[in-house]
Amino acid sequence: MNRRPASLLVSVGVLVGVSAVCLLSTVAEARTTRARTPPKAAAPVPPAAPAPPPAYEYTFVTRQGPEEDLVELQRLGEEGWQVVSTVVVDGSTRRYVLMRGKQPEPAPH
């Protein structure tokens, strides 16, 4: 083989190899730069305000008799009242203690 074509072939091979190395290092650098850049974080979401504690209202009903008590307790139950206790007052008077969630105030007109 002639020296000139062989030297030309080696020169072309070296140029292709150097180009490939430069091109690959540029691609690798671009990939590592993207990998090192942390993704943009979303704005932090503030914690929700705690819910206010439930409010209750209480009332009582003096026992009168089984039929009267039943009618009154059913009427109050339809309004959301629940019997939570019975109490003996002065040794003879008995009362039902009722509770329900606090009702919102009606809006003024």
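The values are calculated or read from the model by the stated rules, or taken from the named source; none is laboratory data. Owing to the predicted nature of the structure, the values given are computational and were not obtained by experimental measurement. As a convention, Cβ positions derive from the backbone with ideal geometry for all residues, glycine included, and neighbour counts pool all protein chains shown. Only protein heavy atoms, including side chains, enter the accessible area calculation; ligands, DNA and RNA are left aside. Shrake-Rupley method; radii C 1.70, N 1.55, O 1.52, S 1.80 Å.
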**Item:** Candidates per GluC sites (Glu not before Pro) in the stretch 47-109, loop by DSSP, up to 11 other Cβ within 10 Å
**Value:** GLU79
**Request:** At most 15 other Cβ atoms within 10 Å and a DSSP loop assignment: could you name the chymotrypsin sites (Phe, Trp or Tyr not before Pro) in the stretch 44-109 that fit?
**Result:** none
**Asked** For the stretch 45-109, what does the alpha-carbon gyration tensor say about shape, rounded, prolate or oblate, given a ≥ b ≥ c as the root eigenvalues, a/c under 1.5 as rounded, and a/b over b/c as prolate?
**Response** prolate
**Fill in**
Heavy-atom accessible area of VAL84, protein chains in place, probe 1.4 angstrom, given in Å² to nearest 10, is 80 Å²
**Request:** Hey, can you grab everything whose amide H is under 5 Å from the amide H of ARG63? Only 5+ residues off in sequence or another chain; H modelled, so Pro and N-termini drop out.
**Result:** ARG94, ARG95, TYR96
